[in-house]
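Working notes, beginning with the structure itself.
The values are calculated or read from the model by the stated rules, or taken from the named source; none is laboratory data. This structure is a prediction, so every number in the text was calculated from the model and none was measured. A quick note on method: Cβ atoms are made from the backbone with ideal geometry, for glycine too, and the neighbour counts reach across all protein chains shown. Heavy atoms of the whole protein, side chains included, go into the accessibility calculation; ligands, DNA and RNA do not. Shrake-Rupley method; radii C 1.70, N 1.55, O 1.52, S 1.80 Å.
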Amino acid sequence: MTEISVGLIIDCMRKVSNRDIQADTDIFSAGVDSLAVLRCRALLKAQTGIKVPGHVFFGGRTPAGIADLIGAENAGR
Amino acid sequence: MLVVEDSPLYSAEFFAVGDPYAYLGGLRENDPVSIHRRADGYEFHALTRYADVYAAYVDHARLSSSYGTMIDGSYRPQKDSASGRMLIVADQPEHTAIKRPVKAGGFNREMLARTGRTVRRNIRAALEQLSVGDRLDFSTVIAPELPKGVLEVLFGIGREDAAALLDATRTMIGYRDEAYVGASPLDSLVDAQLEVLGVIDDLIEQRLASGSAEDMIGFLARCVASGELTRDVAVLNGLNVAVGGNETTPHTASLTVDTISREPAQWRKVVDGEVSSDVATQEFLRWTTTNSYVQRLAVADVAIGGSVIPAGSFVTLWNMAANRDPAVFDRPDSFVIDRADNKQLAFGAGVHRCIGAPVATLEIQMFVEELAAWDKAFVVTGTPQRLHSNFMLGLTELPVEVVKAEDLGA
Ligand code: HEM
């Protein structure tokens, strides 16, 4: 299965939010809203074919946290 | 001024099993403006008289909507990213700029006529499938048929997509009620919100490509293309309409059926044509008051009901208390199906008055007409379960049996 890396999440987040997002930036404190998450998710899906559930963004909060959660959800499958 | 610590008005449980009408009635009579606190420090002023609630609605310059219209909509007096971009949480001048296209695209005369035809067709089809002796949960089987027709027309989607969208908005709004979401409420809330946004965004994409403006989404897409609206604003207001449309009238319909079952003699007047369906509809709207309150933030001191509410305070406008105010309604605590000159406030007032009010009224009126014309009737057979919410008054379960029309109340 295609992996979703921290780097890919950062790239997509930067694209949709026009903000300087790092691996440990809390995206919601940085002003990313639901619509930006929607667009980010679409970019990730276009590149990897994986549809990341919304709660993974809101639970993970940082690109690193989000990548961890995606890993955990896949491992639990 | 009365200050209530740990007020029951915060408690979803109180609205599900207690008597909030009696509590609010006591406030209206003795403490029409009061302060309600919660252990964590949150507090709001509560308005309970019709005149005060109305005055607050129309004072939109000093009572702002952009800090959230629900308690906890945002925890601190703080705007969120939808503020100023979505009707319900926009103040002037943004509100007017958004309302124009939404109204023109979704709530014009022609759309209303098309919606009415679709809604009536759906209700009739749902009723026709039922036979005498059937037992069902009205609130989950029949009630969702009302908004489905609205979605079909406004969003230009089929019945199945409408049903899926309805499920998602329900999860989004009812996230505090286990009946809707089960174990992981917050996960399902954010998944559902993203899903609804995603569906609407996809529809706008399709309309942008096709150029078709047959439905509200198409009209909004055209506004995006012309630069009148940003795509984000179009999506957010599609969401506002979907939620406003889906999460209200099914509850009104369920409480209407419960009321009819309790008041068969009054209902007979509608069946016999002694009371017109529009008069009865207004009383069902008053009696059910599906949206119990809305919240504002005072951005300046506001004198209301003999008190001054200081700038920076949250203010709640209790529609359900206003709609039972003896200063405005005779026998306010009785259901009176032929109530004359009914000034019910279920849709609010002023610039934010429910944009869907004509659609909602039409839905309930068609429902009333189809029920009256039906050769059968619903009898409530078990205890209705009220929604766990202080914001929406509805039922999550209404066990009914289908009987012959003449056997209702016999
Ligand atoms: C019985 C059914 C309904 C009730 C009791 C109801 C109640 C309300 C109330 C009280 C408001 C005012 C909120 C405020 O002032 O902050 C409102 C606003 C709104 N409603 Fe409804 N509503 C109903 C049905 C609908 C329907 C069917 C739709 C759409 C098809 C809808 C869409 C909206 C929207 C978009 C707003 C925001 C308007 C604005 O802020 O300008 N509602 N509704």
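Which count do you get for residues in the range A:1-42 that are among the polar types (S, T, N, Q), open to solvent by 40 Å² or more (accessible area, probe 1.4 Å) and within 12 Å of the chain's Cα centre (by Cα)? So that I can check it myself, show each step before the final result.
Within the range A:1-42, the subset among the polar types (S, T, N, Q) is A:2, A:5, A:17-18, A:22, A:25, A:29, A:34.
Those left that are additionally open to solvent by 40 Å² or more (accessible area, probe 1.4 Å): A:2, A:5, A:18, A:22, A:29.
Now drop any that are not within 12 Å of the chain's Cα centre (by Cα), which leaves A:5, A:22.
Counting residues in the range A:1-42 that are among the polar types (S, T, N, Q), open to solvent by 40 Å² or more (accessible area, probe 1.4 Å) and within 12 Å of the chain's Cα centre (by Cα) gives 2.
Close Cβ contacts (under 6 Å, 6 or more residues apart or on different chains) running from residues in the range A:43-71 that are in contact (Cβ under 8 Å) with a residue 60 or more places away in the chain to residues that are among the aromatic types (Phe, Trp, Tyr) and surrounded by fewer than 21 Cβ atoms within 10 Å (Cβ to Cβ) are absent.
Answer with yes or no whether B:Pro250 is in contact (Cβ under 8 Å) with a residue 60 or more places away in the chain, more than 14 Å from chain A (Cβ to nearest Cβ) and closer than 22 Å to B:Pro358 by Cα. Taking the combined requirement at face value, the residue satisfies it. Of the numbered criteria (1) within 23 Å of the chain's Cα centre (by Cα); (2) closer than 30 Å to B:Ala322 by Cα; (3) within 16 Å of the ligand (Cβ to nearest atom), the one B:Asp215 fails is (2).
Listed here are the residues, each with its yes/no results for (1) within 26 Å of B:Thr171 (Cβ to Cβ); (2) open to solvent by 40 Å² or more (accessible area, probe 1.4 Å).
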position	(1), (2)
B:Gln344	no, no
B:Val351	no, yes
B:Cys354	yes, yes
B:Pro358	no, yes
B:Ala373	no, yes
B:Thr381	no, yes
B:Asn390	yes, no
B:Val402	no, no
B:Asp407	no, yes
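When the strands (runs of 3 or more DSSP E) confined to the range B:344-404 are screened for residues that are more than 19 Å from B:Thr288 (Cβ to Cβ) and within 14 Å of the ligand (Cβ to nearest atom), none reaches at least 2 such residues.
Here the range B:310-327 is the region considered, the condition is being of a type in the set (A, V, I, L, M, F, W, C) and open to solvent by less than 10 Å² (accessible area, probe 1.4 Å), and the residue that is nearest to the ligand (Cβ to nearest atom) is B:Leu317.
Where helices (runs of 4 or more DSSP H) fall wholly inside chain A, the ranges with 2 or more residues that are more than 11 Å from chain B (Cβ to nearest Cβ) are A:6-17, A:34-48, A:63-75. Residues B:Asp330, B:Asp232: which one is away from the ligand (no atom under 16 Å from the Cβ), without any contact (Cβ under 8 Å) to a residue 12 or more places away in the chain and either open to solvent by 30 Å² or more (accessible area, probe 1.4 Å) or of a type in the set (Val, Ile, Thr) (or both)? Within the list B:Asp330, B:Asp232, the selection yields B:Asp330. Taking first residues from the range B:91-114 that are of a type in the set (Phe, Trp, Tyr) and modelled with pLDDT of 95 or more and partners that are more than 10 Å from the ligand (Cβ to nearest atom) and not in a helix (DSSP H, G or I), no Cβ contact under 9 Å between residues at least 6 apart in sequence or on separate chains turns up.
Just checking, how many residues over the range B:270-306 are assigned to a strand (DSSP E or B) and either at pLDDT below 95 or of a type in the set (Phe, Trp, Tyr) (or both)?
In the first step, residues of the range B:270-306 are kept if they are assigned to a strand (DSSP E or B); the result is B:291, B:293-298, B:302-304.
Then keep just the ones that are either at pLDDT below 95 or of a type in the set (Phe, Trp, Tyr) (or both); that gives B:293.
Here the count works out to 1.
The requirement of being farther than 24 Å from B:Val199 by Cβ, more than 16 Å from the ligand (Cβ to nearest atom), away from chain A (no Cβ under 14 Å) and in a helix (DSSP H, G or I) is satisfied by B:Leu127.
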